[in-house]
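Written out below as structure tokens is the structure these notes cover.
Every number in this text was worked out from the coordinates using simple rules, so none of it is lab data. The structure presented is a predicted model; accordingly, all values stated were derived computationally and were not measured. As a convention, Cβ positions derive from the backbone with ideal geometry for all residues, glycine included, and neighbour counts pool all protein chains shown.
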């Protein structure tokens, strides 16, 4: 409708596809170790995969009406999006045993647009499921996802994500996942087919 901006943003609102613009993405948080944080082409390569698996699994930000990976390019939210690091210092638990300086483990940290983002839970869990259910697309044995501590519910969300990842590391399955077949598809803003 003329005069009413799209929630998805004007094309000028976004950085060029495939560009690494450090000023327009979040700083790495505590889940990522600075020496292992991906930057430049390495970040772009992983984030390109993220865009693909999010599209495949229907991980969309319904507020803005776009694939969640596009948040990294949205200049209106320069401190929001994803940062990545390859395996770093281990934590406790079965999944952590895979993580000690292990390049087959990817860490992904999601920073929402606001500290009270109501989609934080569904977006982070959707990202975790998309990355790990589409592991053939990236070659990592495990993608560990956390929400940046700026989110008001980050502790609860990250406990839930850790539980999911430990179950996945132990069993190879993601509890409560949907979408492994057409009977499990759920509707999203694009219709059927958001199988996260």
(message) Classify the range 16-171 from the C-alpha gyration tensor, please: rounded if a/c falls under 1.5, else prolate or oblate depending on whether a/b exceeds b/c.
(response) rounded
(request) Run the numbers on the range 16-171 and let me know its relative contact order in percent, using alpha-carbon pairs under 8 Å that are six or more apart. (result) 24
(request) Report the full-extension gain for the segment residue 21 to residue 155: residue separation times 0.36 nm, less the Cα-Cα distance, to one decimal in nm. (result) 45.4 nm
(message) Run the paramagnetic zone check for residue 36: 7 angstrom along Cα to Cβ, then residues of the range 53-90 with backbone nitrogen under 17 Å.
(response) 83-90
(request) Just order 56-65, 148-157 by mean Cβ neighbour count inside 10 Å, highest at the front, would you? (result) 56-65, 148-157
(request) Give me the percent of DSSP beta bridges within the range 16-171 that run antiparallel, rounded to the nearest 5. (result) 60
(request) Could you calculate the contour length gain from residue 122 to residue 75, that is, 0.36 nm times the residue separation minus the distance between their Cα atoms, to one decimal place in nm? (result) 14.6 nm
